[in-house]
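The values are calculated or read from the model by the stated rules, or taken from the named source; none is laboratory data. Please read all numbers here as calculations on a predicted model, not as lab measurements. Cβ atoms come from the backbone with ideal geometry, glycine included; neighbour counts cover every protein chain shown.
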Amino acid sequence: MGSIYKRGNIFWIKYYRKGKPCRESTKSTKEADAKRLLKKREGEISQGKLPGIYFDRVTFDQLAQAYVADYKINNKNARDAKRYVGHLEPFFGGVRAVSITTDRILYYISKRLDVGAANGTINRELSALKRMLNLGAQQTPPKADRVPFIPMLKESNVRKGFFEHDEFLAVRAQLPEHLRGIATFGYKTGWRRSEITGLTWKQVDLKQGIVRLEPGVSKNKEARTIYLDDELTEMFQILWKDRKSALPRVFLNKSGTDRVKTFDKAWRTGCKKAGIGVKLFHDLRRTAVRNMVRSGTPERVAMMISGHKTRSIFDRYNIVDNTYLRLAAQRQAEYLESKMGTISGTIRKVISVNPVRP
C-alpha cells in the first residue's frame, strides 16, 4: 500500500511498482491533492501502465532525436527529418512530451501560417511530430503515454503542372547537352529525379532493352523494370559509346567526371528560354503518367512503370482534361444509340408521354 507524508509544507506520496518503492512530490500543500495523485498512480500500476512521473521526464528533444535515428535506421534521407525538426524545435524544444497538447499544436499551426508556410509543408511537419510521439509510445519502456489529436490542414490533391509535347521539346532543346538525356528519360518513364540521376550501368541491359531499379533504391522500396523504346535505346547506346570514364553512373556532369548532382538553375533557365515559364522537373513525372494512360496503357501497368505504390497518389497525376470528358459523353451517346435508337427520339417519346408543365 502507498502512503502520504510531508517534507516541509509539501505533501509527498510513496507507492510500490514491481516491489520497488517510488517517491513523488505532489507539489501541493493540500492533503486531498496527495490522496488523488496516490490513487491515480496506484491505478496506473494496477493496469500495467508506467506511472505518469516517468513520462513527465521525457522532452520533445528526446523524441526528436529518436525520430531522426529512426530515419537513418530505415535508410531514409535524414535531411528531411532534420528539416522538419528544425521547424518544430522553436515551438516545442525543451517542452515535456506530456505538455504537447492539441492547443499547443494549434498555436504552432497558426504561427506557421502567419509566416506563409504552405498547408502541405505544415502537414509534413505535423506528421513528423505525430511520428515522434508514436515512436515514443512504442518503445520499451515507453517515452509517451498518449498521442494528442493533431489536426491536419486541407490540401489540394490536384496537380496542375504538365508538359505538352511541344513544350517538352522546346525545353529540352534549351538544356545543356548532358541534361537532355535525364529530361528525356523522365518524360518517357515518370521516374523520380533521384532515381534517374542515381541510375548505374549495372541496371541497364542494352541487349534486352530494359532498365531495372533494384528493391530498396526506389522511394517505395519496390523493384521496377521498364522496357526501352527506340528513342531511349538509341540514347543509352550513345551514352555508353561516348562515356569518357569507367564511372558507374549513366548520366554524368558536363565534364564527365562525376554524377549529376543538381541542375535546378539550368532547368529554370531552360524553361525561361523556351518561353513557357518555370515548371518543375517533377512535372515530367505527372506528364508521363498522363501520357501513358492516354495512350491506352492500363493504369496498373503505368503505376508499375512510374513507381506509384498507392492509387490515391497516382490519381493526383492522372488528370482528365475537358477533351476526354467530351469524348466520354460522345462514346456514351453512341453506345446508348446502338442499344435503343437515337437519344433524341427517346427523349421526345418521354416528353410526349410526360409533358413538363410550367
**OP:** List every residue pair whose Cβ atoms lie under 6 Å apart, where the two residues are 6 or more positions apart in sequence or sit on different chains, the first residue falls within region 231-245 and is modelled with pLDDT under 90, and the second residue, located anywhere, is surrounded by 12 or more Cβ atoms within 10 Å (Cβ to Cβ).
**Re:** K244/G256
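Go over the candidates K188, K130 one by one and state the one that is of a type in the set (D, E, K, R), outside the structural domain of A66 (by TED's automatic domain parsing) and either farther than 30 Å from K272 by Cα or at pLDDT below 95 (or both). Don't jump to the end; show me each part of the working.
Details: K130 fails: outside the structural domain of A66 (by TED's automatic domain parsing).
Sole residue among the options that is of a type in the set (D, E, K, R), outside the structural domain of A66 (by TED's automatic domain parsing) and either farther than 30 Å from K272 by Cα or at pLDDT below 95 (or both): K188.
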Subject >> Those residues of region 61-120 which are within 21 Å of the chain's Cα centre (by Cα), outside any helix (DSSP H, G or I) and among the hydrophobic types (A, V, I, L, M, F, W, C), in sequence order >> reply: A117, A118
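Report, by residue number, each residue of region 121-172 that is assigned to a loop (DSSP other than H, G, I, E, B), more than 18 Å from the chain's Cα centre (by Cα) and not aliphatic (A, V, I, L, M).
The first filter runs over region 121-172 and keeps only residues assigned to a loop (DSSP other than H, G, I, E, B), leaving 139-164.
Within this subset, residues satisfying the condition of being more than 18 Å from the chain's Cα centre (by Cα) are 139-149, 162-164.
Within region 121-172, Q139, T140, P141, P142, K143, D145, R146, P148, F149, F162, F163, E164 meet the criteria.
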Subject >> Where K272 falls short, out of the listed (1) at pLDDT 90 or above; (2) surrounded by fewer than 14 Cβ atoms within 10 Å (Cβ to Cβ); (3) part of a loop (DSSP other than H, G, I, E, B) >> reply: (3)
Original post:
Which of the residues spanning region 147-171 are of a type in the set (D, E, K, R) and in contact (Cβ under 8 Å) with a residue 24 or more places away in the chain?
Top reply: K154, E155, R159, K160, E167
Original post:
crowded, with 18+ Cβ neighbours inside 10 Å, among the aliphatic types (A, V, I, L, M) and closer than 24 Å to D145 by Cβ: does that describe L106?
Top reply: no
**OP:** Give region 289-308 a look and list any residue that's exposed (fewer than 15 other Cβ atoms within 10 Å of the Cβ) and basic (K, R), or say none.
**Re:** R294, R300
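Between G2, G86, which is touching a residue at least 40 places away in the same chain (Cβ under 8 Å) and of a type in the set (G, A, S)?
Sole residue among the options that is touching a residue at least 40 places away in the same chain (Cβ under 8 Å) and of a type in the set (G, A, S): G2.
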Original post:
Does region 4-17 hold any residues that are over 12 Å from S28 (Cβ atoms) and within 51 Å of the chain's Cα centre (by Cα), and which are they?
Top reply: K14, Y15, Y16, R17
